[in-house]
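The values are calculated or read from the model by the stated rules, or taken from the named source; none is laboratory data. Since the structure is predicted, the reported quantities are computational estimates derived from the model, not experimental observations. Each accessible area value is taken on the protein alone, full model and side chains, heavy atoms only, with ligands, DNA and RNA left out. Shrake-Rupley method; radii C 1.70, N 1.55, O 1.52, S 1.80 Å.
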Amino acid sequence: MFAPTVAQSEKGRRRLPERFSHHPVTPDGRYFVVRGRLWRMSNPDLPEEERVRLVADLMTARRAVRMAREDRDAAAMRRARAAVDRAKRGLGERGPGWWRDGAPDLNRRMAVNTDYADWFRALGLD
């Protein structure tokens, strides 16, 4: 049986921003769940100024993806997607896991197929 540890920053337990509060967050704070799939949370230990900058970069890059799609511009799409990837890696949502306990990264996996299965089933969302 899996008993997730609690991911904490120096300021205490990380809370999901209110706009995302309708998505359940795993007990250890590493993932939120959308339609049964785990998505990695941002690194809670990022300095606030850096987090704000990276989120702004991510939103700019996502707008660039939308514009490239509308313009059907393959080169612009590659650049925009690379910018999204850089921002997500900076936030800790992609790349190596930001936790230090050696637990595997389960990003994008279905919760019922992971060690979070019992926790997820208890939510009654599956």
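For Arg69 and Ala103 in one chain, what is 0.36 nm times their gap in residues minus the Cα-Cα distance, to one decimal in nm?
Taking Arg69 through Ala103 to full extension adds about 8.5 nm, to one decimal.
HN-Hα J couplings of segment 77-85 from phi, Karplus 6.51/-1.76/1.60, θ = phi - 60°, integer Hz, Gly and Pro as x?
Rounded to whole hertz, the list is 5, 4, 5, 5, 5, 5, 5, 4, 4.
Give me the accessible area per residue for segment 47-114, probe 1.4 Å, as a whole number in Å².
68 Å²
Give me the extension gain from Ala122 to Arg86: residue separation times 0.36 nm, minus the current Cα-Cα distance, reported in nm with one decimal.
Between Ala122 and Arg86, full extension yields 9.4 nm more.
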